[in-house]
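The block underneath contains the structure these notes are about, expressed in structure tokens.
The values are calculated or read from the model by the stated rules, or taken from the named source; none is laboratory data. Quick caveat: nothing in here was measured; it's all calculated off a predicted structure. A quick note on method: Cβ atoms are made from the backbone with ideal geometry, for glycine too, and the neighbour counts reach across all protein chains shown. For the accessible areas, the whole protein counts, side chains as well, though only heavy atoms, and no ligand, DNA or RNA atoms are used. Shrake-Rupley method; radii C 1.70, N 1.55, O 1.52, S 1.80 Å.
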Amino acid sequence: IRAAKRRGLPVTCEATPHHLTLTDEACLTYDTSTKTNPPLRSAKDVAALRKATIEALLATKDFKGVLGTWSFDGNGDTSNTLFSGSQVTGGAFTFVKVLGG
């Protein structure tokens, strides 16, 4: 992914919460709740995935979204001053209001 980005290719990817928090050691008990595809990896791999996720987040510049165009700075602070609030009602997300501005 890093190599493709260096070449200027439009690359996207995703990481699941369980791949960011669990290691392959969670599978030692043969608990089927740890069966994932792709499978869980070593602690070293999880650390590398976390690092790559943070790097990608901090590299977000001039993102154009529903709340406008925003970026992250080197501290992880966003230039976005608008945030939306939602709540779960009857099993579905319900928009509450836009905060900030």
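Working only within the stretch 86-99, note down all residues that are surrounded by 10 or more Cβ atoms within 10 Å (Cβ to Cβ) and of a type outside the set (Ser, Thr, Tyr). VAL96, VAL98, LEU99 - these are the residues of the stretch 86-99 that are surrounded by 10 or more Cβ atoms within 10 Å (Cβ to Cβ) and of a type outside the set (Ser, Thr, Tyr).
Listed here are the residues, each with its yes/no results for (1) small (Gly, Ala, Ser); (2) without any contact (Cβ under 8 Å) to a residue 60 or more places away in the chain; (3) under 27 Å from ILE1 (Cα atoms); (4) not in a helix (DSSP H, G or I).
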{"site": "ALA48", "(1), (2), (3), (4)": "yes, yes, yes, no"}
{"site": "THR53", "(1), (2), (3), (4)": "no, yes, yes, no"}
{"site": "THR60", "(1), (2), (3), (4)": "no, yes, yes, yes"}
{"site": "THR69", "(1), (2), (3), (4)": "no, yes, yes, yes"}
{"site": "GLY74", "(1), (2), (3), (4)": "yes, yes, yes, yes"}
{"site": "ASN80", "(1), (2), (3), (4)": "no, yes, yes, yes"}
{"site": "VAL98", "(1), (2), (3), (4)": "no, yes, no, yes"}
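Taking the criterion of being open to solvent by 50 Å² or more (accessible area, probe 1.4 Å) and not in a loop (DSSP other than H, G, I, E, B), the residues of the stretch 1-26 that qualify are ARG2, ALA3, LYS5, ARG6, PRO17, HIS18, THR21, ASP24, GLU25.
Could you please find all residues in the stretch 37-80 being among the hydroxyl-bearing types (Ser, Thr, Tyr) and within 16 Å of the chain's Cα centre (by Cα)? Result: THR53, THR60, SER71, THR78. When ARG41 is tested against (1) part of a loop (DSSP other than H, G, I, E, B); (2) open to solvent by less than 50 Å² (accessible area, probe 1.4 Å); (3) more than 30 Å from LYS97 (Cα to Cα), only condition (2) is not met. State whether the residues of the stretch 65-84 include one that is under 19 Å from CYS13 (Cβ atoms) and open to solvent by 90 Å² or more (accessible area, probe 1.4 Å). Checking the stretch 65-84: not a single residue is under 19 Å from CYS13 (Cβ atoms) and open to solvent by 90 Å² or more (accessible area, probe 1.4 Å).
Close contacts from the stretch 1-30, counting a first residue that is more than 18 Å from THR53 (Cβ to Cβ) and a second that is outside any loop (DSSP other than H, G, I, E, B), with Cβ to Cβ under 8 Å and a gap of 6+ residues or different chains, come to GLU25/ALA43; ALA26/THR34; CYS27/THR34.
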